[in-house]
Structure formats: C-alpha cells, structure tokens
Amino acid sequence: MFRNVCTLLLIIAAIGGSSALNIISRDGWGARDPTSTQSMSNPVPYVVIHHSESPGACYSKADCIDAMQSMQNYHMDSNGWADIGYSFGVGSDGNAYTGRGWSKVGAHAPGYNTKSIGICLIGNWMNDLPPSKQLQAVHDLIQYGVDNGKISSNYKLVGHRQVRDTDCPGDTLYQEIKSWAHYTPNP
C-alpha cells in the first residue's frame, strides 16, 4: 500500500499535477483587523509587482510573519491606511502571505488599486534577484488566481515603477519580470 501511494505521488509530481503553493492566511501570520474594507470585482485585469525594500528578505516563516506584521503596522500606523496595502506578500521562504487577498481593494498602486492584485516580494531587490523558490511562489500564486477566476486569463503584469514614480520593485527584480509571460511595457 505504502509503495503504491509513493508511486502515485511521484507520478503526480512528475506530470506537474501538484503545486507547492502554500498560502498563509491572515490568521496564520497574526494580521490585525482592517479598519475598513472595500470589495473588488474579480477577475482583475492587472497584477502589480512590488518589493518591500524594508523589511529585508525573510528566509523563515517566523521572519516572514515578522515582516508582514511590520509592513501592516507601518501601513496602518504611519500611513493611516485601513490595512496592509498589498494583496499578498511572498517571502524567500517560498510562502505566500495573504494581505488584503483576492477580493478587497488594495492600497499599493494608485489608479490600479481597484483593478489589480498587488504582490509584494518581501526584500530589497535593487541589486539582487529573489531566490528561485520566491519567484516560483509568485508564478504559482498568479496561476492560482487565474485558475480560480481571481485574475483575468489575459491579465497584464507590471512593475510598480510603471504606474507610480518609484524604484519599486527594484532594478534587478524589474529586469526579471520583464521576461515573464503577460508583462506589458505600456500599462
């Protein structure tokens, strides 16, 4: 029996039938309750890629939880926002952390908040590329969104710097996303 289960798991993994995507819920990272929310219609036509710059990269779940809490506290307490600005954060631990999620308007890219999912790769990606498992988690998260009707199948992917005067998502990460499917130079 054990051998049959192992064989089945190997076959599924070999044909790509399983995803390593692990989405940590808001409760899972100890998110504060938002002060208000606004619903957003799905599927959205845009995905906006960000980096946190600070906090820096997190390589363990505990450090990524700290980073998510730090970003949320900054966004709510210093910026006066209702919640963390991003739809999701993705850590170098390979996990995706739910921010505002799939169906709440974010506060990450003015003019695009009501029509995009904002994904923040936790870390400063000006000079370094995020680890491959962090990049893969972003790809898997986007595909999950497409497969589940949260992101349009013909979505446009942009870096934050394309829709706002900023160096986000960092020079090195921005060069990387320019090679991704659905990247558009002219949002």
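The values are calculated or read from the model by the stated rules, or taken from the named source; none is laboratory data. Everything numeric in this text was worked out from a predicted model, so none of it was measured. No Cβ is skipped: glycine too gets one built from the backbone with ideal geometry, and neighbour counts run over all protein chains shown.
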TODO: Tell me which residues, restricted to segment 44-68, are farther than 24 Å from residue 176 by Cβ and surrounded by fewer than 17 Cβ atoms within 10 Å (Cβ to Cβ).
DONE: 62, 66
Task: segment 166-183, residues that are in a loop (DSSP other than H, G, I, E, B) and either modelled with pLDDT under 95 or among the polar types (S, T, N, Q) (or both) - done: 166, 179, 181
TODO: For segment 96-125, name all the residues that are part of a helix (DSSP H, G or I) and of a type in the set (Lys, Arg).
DONE: 115
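From the set of residues in segment 41-59 that are aliphatic (A, V, I, L, M) and over 14 Å from residue 145 (Cα atoms), which is nearest to the chain's Cα centre (by Cα)?
Only one residue tops the list, namely 49.
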Task: Failed condition for residue 89, given (1) under 21 Å from residue 40 (Cβ atoms); (2) out of contact with any Cys (no Cβ under 8 Å at 6 or more places or on another chain); (3) not in a helix (DSSP H, G or I) - done: (2)
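Table: residues versus (1) buried (at least 22 other Cβ atoms within 10 Å of the Cβ); (2) closer than 20 Å to residue 34 by Cβ; (3) not polar (S, T, N, Q).
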| residue | (1), (2), (3) |
| --- | --- |
| 91 | yes, no, yes |
| 94 | no, no, yes |
| 116 | yes, yes, no |
| 121 | yes, no, yes |
Open item on the list: Looking only at residues that are on the phi < 0 side of the Ramachandran plot and of a type in the set (Gly, Ala, Ser) in segment 136-183, which one is surrounded by the most Cβ atoms within 10 Å (Cβ to Cβ)?
Closed with: 137
Open item on the list: What pairs come out if I take residues in segment 75-87 that are farther than 14 Å from residue 120 by Cα and pair them with residues that are polar (S, T, N, Q) and modelled with pLDDT of 95 or more whose C-beta lies under 8 Å away, six or more apart or interchain?
Closed with: 76/35; 82/35; 82/36; 82/37; 83/35; 83/37; 83/72
Open item on the list: When you scan segment 133-151, do you find a residue that is under 20 Å from residue 176 (Cβ atoms), at pLDDT 95 or above and outside any helix (DSSP H, G or I), even just one?
Closed with: yes
- [ ] Scan segment 100-108 and give yes if some residue there is over 27 Å from residue 59 (Cβ atoms), in contact with a Ser or Thr (Cβ under 8 Å, 6 or more places away or on another chain) and of a type outside the set (Lys, Arg), otherwise no.
- [x] yes
Task: residue 77 charged (D, E, K, R), in contact with a helix residue (DSSP H, G or I) (Cβ under 9 Å, 6 or more places away or on another chain) and surrounded by fewer than 23 Cβ atoms within 10 Å (Cβ to Cβ) - done: no
Open item on the list: What are the pairs with Cβ atoms under 6 angstrom where one residue, in segment 18-38, is in a loop (DSSP other than H, G, I, E, B) and the other, located anywhere, is small (Gly, Ala, Ser)? Sequence gap at least six, or different chains.
Closed with: 34/82; 35/82; 36/82
